[in-house]
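Q: Questions regarding the structure given below will be posed in turn.
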Amino acid sequence: HVAKIMGYGDYQIGNVTISWVYYVEGLGHNLFSIGQFYDSDLEVAFRQHTCFIRNLDGVDLLTGSWGNNLYTLSLQDMMASSPIYLLSKASKTKSWLWHRRLSHLNFGAINYLARQGLVRGLPKLRFEKDQLCSACAMGKSTKKT
């Protein structure tokens, strides 16, 4: 069977947002890719007819079952487990991308904006500064006379 992807968007469950979720016409379900879980620092394991989504400590957050050539995940299971793990921190690339998009705003302020949902499109992730920003360092430097 072939079905058309009608669109995509963010899927919000409580305070957890999963980005780039596809809506497929006639399927009646949203589609997640394995990459979306990897981007959220989660592991995906497959055993026989079961799929496990785990945090990096090995704790199962979601399980899915195989059927009709797809693994189906119960989002109710996700709410019962610790949803804080699903998108607990942004990748380094996303952190620095949003740092630049927001005119080199400090990471504390970016985290506040994300938590409060004040910027359209800003994912609800925890942004971390893992290195110095050369543009910010230059902007803060002073010239000796």
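FYI, it's all coordinate maths here, none of it is from the lab. Nothing here was measured: the structure is a model prediction, and the numbers come from that model. Counting neighbours? That spans all protein chains shown, and the Cβs are built from the backbone with ideal geometry, glycine included.
Q: How high is the FRET efficiency from ARG100 to ARG126, r the C-beta distance, R0 22 Å, rounded to 0.05? Show your work: numbers first, answer last.
A: On the way: r = 18 Å, r/R0 = 0.82.
Efficiency computed from Cβ-Cβ geometry: 0.75.
Q: Just subtract the alpha-carbon distance of SER65 and TYR22 from 0.36 nm times their residue separation and send over the number in nm, one decimal.
A: That pair, SER65 and TYR22, stretches by 13.5 nm at full extension.
Q: Need the C-alpha centroid separation for the stretch 48-72 versus the stretch 100-145, integer Å.
A: Answer, in whole Å: 35.
Q: Here's another thing I want to ask about it. Taking the simple approach of a point 7 Å from Cα along Cα-to-Cβ for both SER141 and VAL119, what is their distance in nm?
A: Result: 2.5 nm between the two label points.
Q: Could I ask something else about it? Of TYR22, TYR71, TYR38, how do they rank once you tally other Cβ atoms within 10 Å and put the fewest first?
A: With the sparsest Cβ surroundings first, the list reads TYR38, TYR22, TYR71.
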